[in-house]
Amino acid sequence: MYWTKEQLSKTIKKTIGNRLLIIASNREPYIHIYKEGKVEFMRPVGGAVTALDPIMRVCKGTWVAYGGGSADRDVVNKNNEVMVPPDNPQYTLKRIWLNKDEENGYYYGYSNKAIWPLCHMAYTRPVFDEVEWAYYKIVNQKFADTILDIVGNKKAFVWIQDYHLFLLGKMLKEKNKKLLTAHFMHIPWPNPEAFRICPQKVEILQGLLTNDLLGFHIRYHCSNFMESVKLELEARVDTEKTSVTYGGHETLIRAFPISVDFEEISREADSEDVKKAANKLKEEFSIDQNEFVIVGLDRIDYTKGLIEKIQAIDRFFEKYPEYKGKVLFIQKGGLSRMHIGAYKDLNETLNNLVEEVNWKHSNEKWFPILFLRRHMTRKEILALYRLADACIVSPVHDGMNLVCKEFIAAKNDLNGVLLLSAYTGASRELADTVFVNPYDRENFAIAIKQAIELSKEEKMKRMENLRNVVKENNIYKWAGKFLEELKKV
Ligand code: GDG
């Protein structure tokens, strides 16, 4: 079956029925900010929000999230709610407010200094801090209280997102046993050896195992999770049924590879607006007609393999100097989590590295790397994909990665080649890419050359195959399959 918006709407009616639908996530789908005294709105950078917004537009319901924008408080009603998308209101966003200590402890602290590095094999050491853990619990409780209040005594389904809210399912069920809850993890679940160092591991597992359904991107993460449960808890782990029964309650464990709205991206990328934006960017960056353009788009995060990518490009120009002046690499990097030391350091290292590599290889008319830091709208991002001949996605570890799927969806003319790290969840689906190991600089550089030199026919054939995969496994299928699984609960 091919999943569409309409198909998803039908599935929602069948699976959720007359229940209230509530999504809970740390990040909000729309942020209101003040710009030159006027209220404007922005869509935050990040995979989870990009994937869930189209679903909420179909499902309606309420999205509960932390309100972090400078104008967020000024646009909500007395219940802290505002209808979104702001330019075409379709569902309710209910904002939760955090003070500085809560934001530091729960978000920058426990979520991103402990869990994020714990779950990603990026060799960044997690830091577990008791006070930050306490704030993590406080904020999870805040989400729980808000949601319980919205639900009252109605029937509801709460769909919890990601690693910031590990305890929410338990907190909800303790007060309201009739609630149906599911949790989706957008990042990898580590192997049990890695997870066992976490001092709060038991509470985390107990928190997750009160949900009725627990989703990961790929089977490997499901089995890592079940192995962690075996190691840490007295629970019944059923590998046939892929479920865990703990304290008399069964949680189904399933893989749902997340994706993008293929049709929408494909259509938008072909629009006159995006074509115009692409031409404007070409002018702005003085891109030569014959230049081969490779793009990258990542949050500046140590898991995304940005340093490794720049080093591979450096090696590429060292090894194949004949490409100087003929290949341009454009990397757009969105600043992220800058209050954390590791992110600040990474940003600085990247700045220096780009400067060094540009200095080393540039001539009077050309330099190899254009590092873009300015904010780009969705339209400009699509324009960037459109003008690119290739895209490099090279995380050292990534739950799924949506950039590669967006690039594929934007390539209507089949004119583009994708280089993809084997350590992304997406690599399991996208067989027709040129695979790279970000840790292997030499072969990464060779892969860049091979990708550039693939024949036009080969590039088009590969892109066609990739497009078929992403078209079939689109975001509506992800949501539809997830919701269908609820029927088994
Ligand atoms: C987590 C998991 C999983 C990126 N930089 C800019 C920008 N983006 C947009 C992209 C894309 C999204 O953000 C990034 O999505 P990813 O999936 O690549 O990465 P994470 O944010 O780490 O997401 C990941 C995802 O959740 C979903 O489950 O795939 O594995 O880590 O949509 O286009 N957008 C703009 N400027 C940027 O600089 N405007």
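The values are calculated or read from the model by the stated rules, or taken from the named source; none is laboratory data. A quick note: this is a predicted structure, and the numbers were derived from the prediction, not measured. Note that each Cβ is placed from the backbone with ideal geometry, even for glycine, and that neighbours are counted across all protein chains shown. Accessible surface is based on the protein model in full, side chains and every heavy atom, while ligands, DNA and RNA are left aside. Shrake-Rupley method; radii C 1.70, N 1.55, O 1.52, S 1.80 Å.
Annotation: Glu283 fulfils all but one of (1) within 14 Å of the ligand (Cβ to nearest atom); (2) open to solvent by 30 Å² or more (accessible area, probe 1.4 Å); the unmet one is (1).
When Tyr302 is tested against (1) in contact with a helix residue (DSSP H, G or I) (Cβ under 6 Å, 6 or more places away or on another chain); (2) of a type in the set (Ser, Thr, Tyr); (3) away from the ligand (no atom under 16 Å from the Cβ), only condition (3) is not met.
Taking the conditions exactly as written (charged (D, E, K, R) and open to solvent by less than 50 Å² (accessible area, probe 1.4 Å)), does Asp261 satisfy them or not? When the stated conditions are applied, Asp261 passes them. Quick one: in the range 51-90, of everything that is modelled with pLDDT of 90 or more, farther than 16 Å from Leu20 by Cβ and acidic (Asp, Glu), which residue is surrounded by the most Cβ atoms within 10 Å (Cβ to Cβ)? Per the criteria, the residue is Asp72.
Based on what the data block shows, is Gly109 modelled with pLDDT under 95 and within 23 Å of the chain's Cα centre (by Cα)? No: the conditions fail for Gly109.
The residues of the range 97-109 that are crowded, with 19+ Cβ neighbours inside 10 Å and either touching a residue at least 60 places away in the same chain (Cβ under 8 Å) or in contact with a Lys or Arg (Cβ under 7 Å, 6 or more places away or on another chain) (or both) amount to a single one, Tyr107.
A quick yes/no check of all residues on (1) hydrophobic (A, V, I, L, M, F, W, C); (2) without any contact (Cβ under 8 Å) to a residue 24 or more places away in the chain; (3) not in a helix (DSSP H, G or I):
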residue: Met83; (1), (2), (3): yes, yes, yes
residue: Ser111; (1), (2), (3): no, no, no
residue: Ala114; (1), (2), (3): yes, no, no
residue: Ile138; (1), (2), (3): yes, no, no
residue: Phe143; (1), (2), (3): yes, no, no
residue: Asp149; (1), (2), (3): no, yes, no
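Residues in the range 236-258 that are part of a strand (DSSP E or B) and surrounded by fewer than 22 Cβ atoms within 10 Å (Cβ to Cβ): Arg236, Val237, Asp238, Ser243, Thr245, Tyr246, His249, Glu250, Leu252, Arg254, Ala255. Restricting attention to the range 398-438, the residues that are within 11 Å of the ligand (Cβ to nearest atom) and on the phi > 0 side of the Ramachandran plot add up to 1.
Applying the criterion of being within 13 Å of Lys332 (Cα to Cα) and open to solvent by 20 Å² or more (accessible area, probe 1.4 Å) to the residues of the range 356-375, the residue that is nearest to the ligand (Cβ to nearest atom) is His375.
In the range 212-235, the residues that are open to solvent by 40 Å² or more (accessible area, probe 1.4 Å) form Cβ pairs under 6 Å with partners that are within 16 Å of the ligand (Cβ to nearest atom), at six or more places apart or across chains, as follows: Arg219/Ala255. Could you please find all residues in the range 376-435 being open to solvent by 30 Å² or more (accessible area, probe 1.4 Å) and not in a loop (DSSP other than H, G, I, E, B)? If the condition is that a residue be open to solvent by 30 Å² or more (accessible area, probe 1.4 Å) and not in a loop (DSSP other than H, G, I, E, B), then Arg378, Lys379, Glu380, Arg386, Arg428, Phe435 are the ones that fit. Filter the range 179-205 down to the residues that are more than 22 Å from Lys113 (Cβ to Cβ) and more than 16 Å from the ligand (Cβ to nearest atom), then identify the one that is most open to solvent (accessible area, probe 1.4 Å). Per the stated criteria, the residue is Leu180.
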